Amino acid sequence: MVYLSIPPKIFSQVLANMCAGGAHCTTIPFRCIVEKPVGHDLKSFEEIREQLHKHFKDEEIYLLDHYLGKEAVRNIYYLRFANPVLERLFKNSLIHHVEVTAMESYGLEGRAGYFEHTGTLRDMFQSHLLMMIGLLTMHVRETEAAIRESRLHAVGQLYIPPAADLNDVVLQAQYANGKVHGETVVGYREEDSIPETSRVNTFAAMKLMSRESRWQGVPFYLRSGKRLGKKETRISIQFQEPHAVGEGSAPNRLDIILQGEAGMRIHLQTKIGGTTPAFRSLLLEDPLVCIGDCLPEHGLLLLEAIHGKQTWFLTFDEVRTSWRLIDPIQHHLEKETTPLFTYPAGSTGPEEADVWLGKDGVKWML
């Protein structure tokens, strides 16, 4: 088994040297694990794919996104699979919109070289967040063998909504100095090894739609950023409010919290005392605690690779589909004319993100 977490530009040389040195033997089982992101864009991905297929068979290649090794992330799918009552709620006639959030309180953590070349959109959206939406919107299958195919189909149904200006569907920002958990931290451009004029985004928000019949017309709002006030990854589904309920009411909501205080929360409403209908929130929640053979995400994926199980590894088609979706947005963000907002470290992100979302008549749920 070999594990590759290397820059795209050295793949060809590393693979050639590795095979020349006898690391790959066709007479015994072999696994080549490639950690995401696979490539820097669609072009570099295709070059890496070609190099991998030059040396290895499909069944020997494992494209790893560690999010797919998280039990909580897999539960996005299995909560639907095992609970038909939930699955029947997931349709456009009942859902108003979906928010997918991945907030990080830490900064670069010694990865300045990697992040300055990558940015938040490539680092978080291209695989992690798109896979989460795929698991939420894919068709439930009876067999594990069909999960990859269904996941690919779901990601392939995602699209950028038509807009006269791409700034209406995507927004970027970069953290300035501030305080995180009471500790003073520097801004991104003051971090070690970061250019003073860097335009790399550390926060991004994007709107997507799906062509899946059950999800048509439901907007998906994605956001992720570094140096925010808390660490939390979650999917929040806000349901339609078909009629006025009364004073104090709020729309029903389902939160699937994957990191932070992991758990599932259902927000309902209950009447308070009095002759006039008025309401308060009723919160049903339970922690999503792993019970059984619980392994860290990388450990679980390595174990599955050893046993030849590829279900929770990416396919080349999934990665290609993701790059095709992300590349046009990335090109737009890299233009000098595209706004790059700032936000203080320790906040919830730039104020402009609230205004951006407010144009659709909604607010962030956190």
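Every read-out reported here was derived from the displayed coordinates using simple, explicitly stated rules and does not represent laboratory data. What you see is a predicted model, and the numbers here were worked out from it, not measured in a lab. Don't worry about glycine lacking a Cβ; one is built from the backbone with ideal geometry, like all the others, and counts go over all protein chains shown.
Structural remarks
- Among 123, 360, a tally of other beta-carbon atoms within 10 Å of each Cβ gives an order, fewest to most, of 360, 123.
- Length released on extending from residue 18 to residue 47, taking residue separation times 0.36 nm less the Cα-Cα span: 8.7 nm
- The stretch 159-251: GluC sites (Glu not before Pro) in DSSP coil with no more than 16 other Cβ atoms inside 10 Å: 196
- Contact order normalised by residue count of the stretch 132-261, Cα under 8 Å, 6+ apart, percent: 18
- Bins of 10 Å, starting at 0 and running to the largest distance - Cα pair percent for the stretch 13-115: 10, 27, 27, 24, 10, 2
- The trypsin sites (Lys or Arg not before Pro) of the stretch 256-349 that meet both conditions, a loop assignment by DSSP and at most 11 other Cβ atoms within 10 Å of the site Cβ, are 335.
- Our summary gives the chain a relative contact order of 22 percent, counting only alpha carbon pairs under 8 angstrom and 6 or more residues apart.
- Of all lysines in the structure, those lying under 22 Å Cα to Cα from residue 36, and not within fewer than 8 positions of it along the same chain, are 9, 54, 57, 70, 226, 231, 309.
- Gyration tensor (alpha-carbon) shape descriptor, the stretch 240-326, a/c threshold 1.5: oblate
- Pair-distance distribution of the stretch 287-366: all C-alpha pairs, bin width 5 Å, starting at 0; shares per bin in whole percent are 3, 10, 10, 11, 13, 13, 15, 13, 9, 2, 0.
- Across the alpha-carbon atoms of the stretch 146-246, the computed radius of gyration and Dmax are 18.6, 55 angstrom.
- Only Cα sites of the stretch 200-257 enter the Debye sum here, all with the same form factor; the resulting log10 I(q)/I(0) across q = 0.20, 0.23, 0.25 1/Å is -0.98, -1.08, -1.12, listed in q order.
- Across the stretch 1-145, the relative contact order, built from alpha-carbon pairs under 8 Å that are at least six residues apart, equals 24 percent.
- Ranked 117, 332, 181, criterion: other C-beta atoms within 10 Å, fewest first: 181, 117, 332
- Taking one quarter of the surface of the C-alpha convex hull of the stretch 137-182 gives a mean projected area of 6.7 nm².
- For the chain, the Rg and Dmax computed from alpha carbons only, in angstrom: 21.6, 82
- Helical runs (DSSP H, four residues minimum) scored at -39500 (n - 2.57) apiece and divided by the length of the chain put the mean residue ellipticity at 222 nm at -8500 deg cm²/dmol.
- Which of 85, 100 has the fewest Cβ neighbours within 10 Å, and the rest in rising order: 85, 100
- Cysteines in the chain that lack a partner Cβ within the 4.7 Å cut-off: 19, 25, 32.
- Mean-position separation - Cα centroids, the stretch 34-65 and the stretch 95-130, in angstrom: 21
- Between residue 81 and residue 272, the contour length at 0.36 nm per residue exceeds the alpha carbon distance by 65.2 nm.
- Distance between the modelled labels on residue 279 and residue 309, one decimal in nanometres: 4.2 nm (7 Å Cα→Cβ projection).
- Extension reserve of the residue 351-residue 92 stretch, reckoned as 0.36 nm per residue once the Cα distance is removed: 90.3 nm
- Cleavage-rule hits (GluC sites (Glu not before Pro)) in the stretch 110-144: DSSP loop, at most 11 neighbouring Cβ within 10 angstrom: 142
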